[in-house]
Amino acid sequence: MKVLKLLKDAGLVAGYQGKRGGYAISKKPEEISLWDIVEVMEGTTRINRCLEADHFCSRQGTDFCMVRKYYQGLQEQMERHEPVLAMAGSLTPQTIAQVAYLRRQGFPVIELDTVAVAEGADVLEDLLSRAEAGFDRQDLVLIHTTQEPEKVQKTKEKALARGISNVEISGNISSIMAQAARELCRRREIRKCIVLGGDTSAAFCRAMGITGMEIGQEIEPGVPLLKKTGEDFHFVLKSGSFGSEAFIEKAYCKLLPF
């Protein structure tokens, strides 16, 4: 009961009286993070005693201790809650599985309606609005293109009816994804992105003005962390045809310290 009271006081659960009463979460599951629960249960999320408000150190070394300085940097990274944008433009089984996995983890997953694109609709602002709503709830948001076979086929048919080839509509869709990435990075000051799919990656690099990159540590075999030359902008580019089901989440965790 003590645990439930702590969670109730923090607004994470609500209590109900009566013979059918009890406790239930008071928010949508995707709006509650593990961080929220740890903060409530632990009372502090400082990774070392010397980082508490009183700066206690048994050796009186708070002002010059190099270990404390290192811990302080880790603490700041952990508390930064910096947004990460993920984009998936591939239709491979691997990418479909990676999108489904992230959805199951409770992250905001937003679909770009490619049928609407093929019909000539202006979908960018709606896409941006939904993505920003996602960032209001979580630090990682994924935007993906339509993946259902029936909708993909309908996208091609609608495009052909307007005289647009499969290659052209694919390019248009990648361009919209890239425009969304550029605008979201500007609005939300995002400096970390994960991009799945070859065409989407190429359009992303053009939109973000990436002409050179530095290669960092590997996330999975053949897929490293990347940094835009001369800028504090970190990203991941991956072909859609490989990678584990949890790849996006792994890339997200690897990007967090930067």
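Quick rundown of the values:
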read-out: Sorted by Cβ neighbour density within 10 Å, fewest at the top, the residues 62, 95, 155; value: 62, 155, 95
read-out: Farthest toward positive dipole pole in the chain [+1 Lys/Arg, -1 Asp/Glu at C-beta], among 217, 4, 131; value: 4
read-out: Low-density loop cleavage sites - chymotrypsin sites (Phe, Trp or Tyr not before Pro) in the range 3-62, where at most 14 other Cβ are within 10 Å (DSSP); value: 56
read-out: Over the chain: helical MRE at 222 nm, DSSP H runs n ≥ 4 each giving -39500 (n - 2.57), nearest 500; value: -13500 deg cm²/dmol
read-out: Dipole-positive endmost among 105, 144, 40 within the chain (Cβ charges, Cα centre); value: 40
read-out: Quotient of C-alpha Rg and 2.2 N^0.38 Å, computed over the chain; value: 1.21
read-out: Simple Cβ-charge dipole of the range 69-207, Lys/Arg +1 and Asp/Glu -1, about Cα centre, in debye nearest 20; value: 320
read-out: DSSP-loop GluC sites (Glu not before Pro) across the range 138-204, with at most 13 other Cβ within 10 angstrom; value: 189
read-out: Cα-centre dipole for the chain with unit charges at Cβ (Lys and Arg positive, Asp and Glu negative), debye to 20; value: 580
read-out: Antiparallel DSSP beta bridges within the chain, percent to nearest 5; value: 40
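Where a number appears in this text, it was derived from the coordinates with a stated rule and is not lab data. This is a predicted model, so every value here is computed, not measured. Note: ideal-geometry Cβ built from the backbone for every residue, glycine included; neighbour counts use all protein chains shown.
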